[in-house]
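Structure first, commentary second.
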Amino acid sequence: MPVLMLDLDNTLVDRDAAFLAAVQAFLAEHGLPGTDLTWVMTVDAGGYTARPDVAAAMTDRYGTLVPTTAIRTLLDNGAADRVVLADSSREALSKAQAAGWTCVIVTNGRITQQEAKIRNAGLDRLVQGWVVSEGVGHKKPDPEIFHAAVEAVGVPLSGAWVIGDSPHADIAGANALGLRSVWVSDGRPWTQDSYQPTHVADDVASAINHVVVRTVTP
């Protein structure tokens with residue numbers, strides 16, 4: 001079987017839900033308005049805003065009310081400390097491995113933070129490896145990070161599938177390499193005209209199961 005490349009944030013784990021819970025605790029701890037939750041989540045933009053920019057915005061907003069170390073701790077550890085792996089996702093990964101798939105996580109971000117999420121969620125025991133953009137010097141959708149992923153697990157790129165929630169980072173990256181892909185929509189409509197995923201699934205467990213069933217069914 002070929003390699004299955006899986007995104008981490010908001011694909012294998014619900015990073016936004018984990019970060020939201022961390023922000024709620026942060027606001028309560030520092031006596032800040034609960035209504036600021038929407039503002040922080042908007043600035044964060046699902047983790048796509050660069051960490052220094054989020055830190056600068058929060059420091060500017062809260063001034064002397066919150067130590068800068070507390071803001072850094074929130075951004076470094078908030079989501080990583082709270083991520084969980086759904087039972088359905090765990091079962092789907094186990095099924096893929098039992099069917100002979102090599103599973104590797106391909107994620108943008110910083111090594112310390114992303115590896116903490118992988119280990120805290122127990123994903124380190126369910127995949128054969130992972131690559132983080134900081135570690136390889138390339139971010140999705142750059143083809144180099146996908147090549148680094150298959151090199152990390154010693155499997156050819158040919159026949160690989162990519163599963164992820166980002167049209168730009170995951171699906172466009174797969175499309176550029178001629179790979180099949182599953183977009184994890186979480187109920188969102190597909191709006192890109194220049195490229196399409198091979199399949200659309202509501203969640204990552206359904207996405208993994210689609211790939212496994214498609215492969216073993218004539």
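The values are calculated or read from the model by the stated rules, or taken from the named source; none is laboratory data. Everything numeric in this text was worked out from a predicted model, so none of it was measured. Surface accessibility is based on the protein's heavy atoms, side chains included, excluding ligands, DNA and RNA. Shrake-Rupley method; radii C 1.70, N 1.55, O 1.52, S 1.80 Å.
Annotations for the structure displayed:
- Accessible surface of segment 104-208 [probe 1.4 Å, protein heavy atoms]: carbon and sulfur percent: 46 percent
- By definition, a body whose alpha carbon gyration tensor gives a ≥ b ≥ c is prolate when a/c is 1.5 or more and a/b is larger than b/c, and the chain fits this prolate description.
- Heavy atoms of the protein chains alone define the surface here; on that basis segment 66-125 has 44 Å² accessible area per residue at 1.4 Å probe size.
- Accessible-area composition of segment 13-72, carbon plus sulfur, in percent [1.4 Å probe]: 58 percent
- Shape category assigned to segment 96-218 from the gyration tensor of Cα positions, a/c cut at 1.5: rounded
- Sequence-distant contacts, meaning Cα pairs under 8 Å at least 6 residues apart, place the relative contact order of segment 57-176 at 21 percent.
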